[in-house]
Amino acid sequence: MKPKEIVIVGGGSSGWMAAAYLNAALNRNGRTVARISLVESPDVSRIGVGEATVPSINHILAVIGIDEQEFLKRVDGTFKQAIKYVNWLAIDGSQYYHPFNRFRDSPIDRSGLNWLMSDRSVPFAHTVSAQPALCEANLAPKMAGPWDFGPPLTYAYHMNALKFADFLCEISIARGVKHYLDHVTDVEMAENGDIEAVVTRHGHRLEADLFIDCTGFAALLIEKKLGVAWVDCSQWLLCDRAVTMQVPYAHHYPGYVRPYTTATALSAGWVWEIPLQSNRSLGYVHSSSFLSDEQAEQELRRFEGDHAAQLDTRIVPFKVGHRAKSWVRNCIAIGLSGSFIEPLESTGLYLSDLATVMLTEHFPYGDELEPLAFRFNRIMTNRFYEILDFINLHYCLSRRDDSDFWREIQKPDRITDRLKAKLDFWRSKPPSPTDFEDQFFPAMQDTALPSGGLPGDHRSPKDTGSLFGVDSHEAILYGMDFLREECAQWFGQSRPPTQIAETIAGRLKIAPQKLPPHDWWLQRAVGMPVYESASTPPDSEK
Ligand SMILES: Cc1cc2nc3c(=O)[nH]c(=O)nc-3n(C[C@H](O)[C@H](O)[C@H](O)COP(=O)(O)OP(=O)(O)OC[C@H]3O[C@@H](n4cnc5c(N)ncnc54)[C@H](O)[C@@H]3O)c2cc1C
């Protein structure tokens, strides 16, 4: 078989993830299925803000063959076991966790129902996972020596995505990926409508069978050349920019590195706190219709405290939406050129990762592209809307009314029809696993995909439920106090105290002997510097 030629345009984290993964997954056992080149512009900067990930990143790392400790050293990485949401329900310090691990102690999982039947005196996530308490104690999800703490704790990472791209670049080049540091100035078309070649400023003309557009929001191939439309979803997710800030530990070390991401709701959006090894990355994701850049910057500085007055900030605009089709003819858009949903559940790198894995699974060994593209597009669109609904859910259940933004976000027009159907259904019975298998949400059956439906694809808009299933939905729904009134009707006003499963309580009892502090693990295992704590930790109260 003659190897397929692949040209990737763009060297951000998507471009290099695609290069390294395709090379590792396709070219195995001495057989070269694909010859890969990557061209990236020295003039157009990449996006890197200090990213949080989801556990699927571990698949990418395993296939490429990256050692975890080496990875953490190279990407300024730390562990992430959960997201902690603060002030989303009301502006009263209320908080809840979305942990990665979920405990089950019987073949039929009644933990959601048990919690609903109780008096809610313990937050839901604490009753089904040890991770919220482990996060509060700042413990690592790893032991200092071999693991003997029962079932493993599921985790992802916080990382510097630019360092990740650089690391993957080094690995890819060493394994034979050709690298051009050059600006693409032209895209040449073949007579049949395929892309034939990209041409660079320094005179390279790169022909290929497949072109992967990883040029970020510029979307040089898929949009500028092939004219594939961007389907805007800003009606449902209003945030369109972030003001970011890096708080270096050298001067502002609060005395711990949290093993989780914090998402605190502010007046017109929310701020992420992503702990890296060398600093804390902060970003105020907000809506420019409700807040100017200056107001957002001031609010972020107030949030962080006096010491933030001198720290630099940066504005990062973004748009929420997806390509009508990510794979058209011989061009596949991966990364920000293909889709973006605001970063609340850390799905940016995940969508690049998914597209790369799906391209490998749907790789065209022959000449026929159309059926592969159809299936690929359907998977990517379904997953996009699944995530869109899930992020929409975080906002629409809020009871905040302290700003125009929060009042607007709760209006019916700001909630997707699919999510409305799901919430209505779950008001008649709580969510359960099969809801996510056959997607039985009665009101959804005749709803068309909002302006993003694929031609010839007249299916009902079904979610796949495979990234955010029942566990994740329960964490958000019950964290946001869903079904409070219904439960009073169903189960009465006076309900028994909430119980934590004995297995979780037992695990938490021995956790301090088994699991080291997250900082300590990072210092010992991957050489994180030992910082001096600030005398008055600026965010010890948060
Ligand atoms: C505010 C914000 C917060 C985010 N937070 C998270 C998070 O917490 N977790 C997460 O998983 N993801 C997050 N993301 C997403 C994540 O940062 C991106 O998915 C990631 O950076 C991938 O971007 P990319 O590689 O698609 O594009 P980019 O990083 O923009 O890279 C584009 C590449 O294309 C090249 N290029 C452009 N034009 C040309 C040309 N003419 N010729 C050659 N090369 C060209 C550029 O040089 C660059 O190399 C966030 C994104 C934003 C905007």
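The values are calculated or read from the model by the stated rules, or taken from the named source; none is laboratory data. Quantities reported herein were computed from a predicted structural model and do not represent experimental measurements. Cβ atoms come from the backbone with ideal geometry, glycine included; neighbour counts cover every protein chain shown. Side chains are part of the model used for accessible areas, which takes the heavy atoms of the whole protein and leaves out ligands, DNA and RNA. Shrake-Rupley method; radii C 1.70, N 1.55, O 1.52, S 1.80 Å.
Structural remarks
- Here the 3J(HN,Hα) profile of region 315-329, calculated from phi with Karplus coefficients 6.51, -1.76 and 1.60 at θ = phi - 60°, is 9, 10, x, 8, 10, 9, x, 8, 5, 3, 9, 7, 10, 10, 6 Hz, Gly and Pro shown as x.
- The chain, accessible area per residue, ligands and nucleic acids excluded (1.4 Å, Å²): 41
- Spatially proximal lysines relative to Lys2 (Cα-Cα < 19 Å; intrachain offsets below 8 disregarded): Lys178
- Projected label distance in nm at Arg28 and Asp312, using a 7 Å step from Cα toward the beta-carbon: 4.3
- Cross-link reach is defined here as a Cα-Cα straight distance under 19 Å, omitting same-chain residues fewer than 8 places apart; for Lys319 the lysines meeting it are Lys224.
- Thr381 - accessible surface, heavy atoms, 1.4 Å probe, Å² rounded to 10: 10
- Farthest positive-ward along region 203-300 dipole, Cα basis, beta-carbon charges - from Leu300, Gly269, Tyr253: Tyr253
- Accessible surface of region 262-372 [probe 1.4 Å, protein heavy atoms]: carbon and sulfur percent: 49
- Among the trypsin sites (Lys or Arg not before Pro) within region 30-64, those in coil by DSSP and having at most 11 neighbouring Cβ atoms inside 10 Å are Arg31.
- Given a 1.4 Å probe and the protein chains as shown, Lys142 ends up with an accessible area of around 50 Å².
- Coupling constants for region 91-104 follow from the phi torsions by the Karplus curve (6.51 cos²θ - 1.76 cosθ + 1.60, θ = phi - 60°), and in residue order they are 8, 9, x, 5, 8, 8, 10, 10, x, 7, 8, 9, 9, 10 Hz; glycine and proline get x.
- Placing Leu508, Leu344 in order of accessible area, with the largest value first and a 1.4 Å probe, yields Leu508, Leu344.
- Dipole magnitude (debye, nearest 20) for region 3-83, charges at Cβ of Lys, Arg, Asp, Glu: 300
- Shape of the chain, Cα gyration tensor, a/c cut at 1.5: prolate
- Lysines whose Cα lies under 21 Å from that of Lys509, excluding same-chain neighbours fewer than 8 positions away: Lys142
- Taking amide hydrogens as placed 1.01 Å from N in the peptide plane, the amide H of Ile195 sits under 5 Å from those of Ala190, Asn330, each at least 5 positions away in sequence or on another chain.
- Here region 199-213 and region 228-246 have alpha carbon centers that stand 30 Å from each other.
- With helices as the sole contributors, the chain gives -9500 deg cm²/dmol at 222 nm; each DSSP H run of n ≥ 4 counts as -39500 (n - 2.57), and the sum is divided by every residue.
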